[in-house]
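The values are calculated or read from the model by the stated rules, or taken from the named source; none is laboratory data. Predicted model, so just to flag it, every value in this text is computed and none were measured. Note: ideal-geometry Cβ built from the backbone for every residue, glycine included; neighbour counts use all protein chains shown.
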Amino acid sequence: MSEDIKSLFWGKEAFNGAKIREYSNREGINHMDFEKQIFEYDTMFILKEFSNMDLFFKGGTCIQSLLPLNLQRFSVDLDFNIETESRTNKFVLEKFDELNEKLKEMDLLISSIDSKYKNRSSKNLIYGKFYPMYFDKISGTITFARVFPSKVVARNLRIAYRKDLVNKEYLSGIFNHILVQINIKHKPPALKWNMQDIRLKIYKYQEYKKELQFKCLSVGDLFADKLIAFRNREKFKDLYDLGMLSVIITDEDIESCRLKMKHILGEENRTHEITKTIIKTIDVFIIKKKYSDYIHALPKEVSPLVVNRMFYTKLISVIERI
């Protein structure tokens, strides 16, 4: 067990700096991202077992959990929809305050002033705690940072948070963190969902073979969400996730995606306009080989896929059916 913090889910065998560096080097990714995935498991376990929020897992990290381990990219954020009658910032902030209090009662939080880094950390830095950061009015998403001790961070980090989502304060010290995003806008939270095993890329290593299940959006829901996300921001990570989903998507999922797109956009003609725009954008990615800018950030086993034109033509053929 770490000398700095009691871990609910990870003992010293897993939370080990030498192993984190060895395995992240083997995967060809940043040490901090590998470490973050350890605490993604821990955070999801805590949200499931100790919060009374009805959450539905979605987004890039959820998609990775549906893929074979060797085809996953390292996604380091956790995204959720929520089922609740009270769709307000105040409601979600209160729920996370309650969760932080419960973690404190269970002795699963520790102040940086009680750690070996106390002279390098701000007094408001508490390992294991969820800190509200900001609210995105357009997407309806509240973002929290969960901070944790690090075995690979050597320099001081600094992040901003807002207890009331208005007034800014800062955390500084030796820590790593992940983002937890709760969408209060999406209703229903999912057209379809499944209780899914969560097995992310680090599961391939013995120290991280932990069993965890969570409510996950269906492939059809996820595909629709990623189409909208890619249309809005044209990020390669969204294109990669769409390409991987196109390999496992079924006719039933495509119909579910079509229904969700209609639910989001309001009319079927609008869906056709969006999909045509997306296909044109994908064509530009292929012609200009824009994927080459992102290969360095992908695990070694994944990189060869994105230079293969068939990866994109398969995706386009699925989009044309929406």
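Within segment 138-170, restricting attention to residues that are within 21 Å of the chain's Cα centre (by Cα) and among the β-branched types (Val, Ile, Thr), the residue that is surrounded by the fewest Cβ atoms within 10 Å (Cβ to Cβ) is 138. Number of residues in segment 97-152 that are touching a His at 6+ places or on another chain (Cβ under 8 Å) and free of Cβ contacts under 8 Å to residues at least 12 places away in the same chain equals 0. From the list 75, 139, the lone residue that is closer than 23 Å to residue 61 by Cβ, in a loop (DSSP other than H, G, I, E, B) and in contact with a helix residue (DSSP H, G or I) (Cβ under 6 Å, 6 or more places away or on another chain) is 75.
Of the residues making up segment 117-172, those that are polar (S, T, N, Q) and in contact with a Gly (Cβ under 9 Å, 6 or more places away or on another chain) are 121, 122, 150, 156. How about segment 288-319: which of its residues are closer than 11 Å to residue 73 by Cβ and in a loop (DSSP other than H, G, I, E, B)? Hits for segment 288-319 are 294, 298, 299, 301, 302. Note on segment 286-301: residues that are within 22 Å of the chain's Cα centre (by Cα), over 16 Å from residue 25 (Cα atoms) and of a type outside the set (Asp, Glu) total 2. Out of all the residues in segment 148-155, is one or more modelled with pLDDT of 95 or more and in a strand (DSSP E or B)? No, every residue in segment 148-155 fails to be modelled with pLDDT of 95 or more and in a strand (DSSP E or B). Each residue in segment 120-137 was checked for being within 17 Å of the chain's Cα centre (by Cα) and surrounded by fewer than 17 Cβ atoms within 10 Å (Cβ to Cβ), and 2 of them qualify. Return the residues of segment 183-226 that are part of a loop (DSSP other than H, G, I, E, B), among the charged types (D, E, K, R) and touching a residue at least 40 places away in the same chain (Cβ under 8 Å); say none if nothing qualifies. Matches in segment 183-226: 185, 187, 192, 199, 210.
Please work out if residue 252 is more than 27 Å from residue 141 (Cα to Cα), free of Cβ contacts under 8 Å to residues at least 60 places away in the same chain and outside any helix (DSSP H, G or I). Give the derivation first.
Working: more than 27 Å from residue 141 (Cα to Cα): yes; free of Cβ contacts under 8 Å to residues at least 60 places away in the same chain: yes; outside any helix (DSSP H, G or I): no.
For residue 252, the condition - more than 27 Å from residue 141 (Cα to Cα), free of Cβ contacts under 8 Å to residues at least 60 places away in the same chain and outside any helix (DSSP H, G or I) - is not met.
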